[in-house]
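S.K.: Got a structure here, written out as C-alpha cells. Questions coming.
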Amino acid sequence: MIEVFDSRVNHLARCCQRERLAAQAAHTVEAKRIHQWLADIYAREAMRLDR
C-alpha cells in the first residue's frame, strides 16, 4: 500500500514538473496560465497526499 501511495505522489510531482516546463515553453499568455494552473493543482494534490 505504501508503494502505491509513493507512486501516486511521485506521479503527481512528475506531472507538476511537466506542466511547469510546458508553461515556460508556451508561446501565449493564456497557455502559460493554463499550464501553471495545472501545475499548481498537481502540486497541491501531492502536498495533500504527502501530509
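S.K.: Name, by its number, the condition in (1) within 9 Å of the chain's Cα centre (by Cα); (2) open to solvent by 60 Å² or more (accessible area, probe 1.4 Å); (3) touching a residue at least 12 places away in the same chain (Cβ under 8 Å) that does not hold for Leu12.
M.R.: (2)
S.K.: Could you give me the residue pairs with C-beta distances under 9 Å whose first residue belongs to segment 32-51 and is among the basic types (Lys, Arg), whose second residue is part of a helix (DSSP H, G or I) and surrounded by 16 or more Cβ atoms within 10 Å (Cβ to Cβ) wherever it lies, and which are 6+ apart or on separate chains?
M.R.: Close Cβ pairs (under 9 Å, with a partner that is part of a helix (DSSP H, G or I) and surrounded by 16 or more Cβ atoms within 10 Å (Cβ to Cβ)) amount to Lys32/Ala22; Lys32/Ala23; Arg33/Ala23.
S.K.: Go over the candidates Arg18, Arg48 one by one and state the one that is of a type outside the set (Phe, Trp, Tyr) and surrounded by 12 or more Cβ atoms within 10 Å (Cβ to Cβ).
M.R.: Unique residue meeting the criteria: Arg18.
The values are calculated or read from the model by the stated rules, or taken from the named source; none is laboratory data. Predicted model, so just to flag it, every value in this text is computed and none were measured. Glycine gets a Cβ as well: all are built from the backbone with ideal geometry, and neighbour counts include every protein chain shown. These area figures cover heavy atoms from the full protein model, side chains too; ligands, DNA and RNA do not enter into them. Shrake-Rupley method; radii C 1.70, N 1.55, O 1.52, S 1.80 Å.
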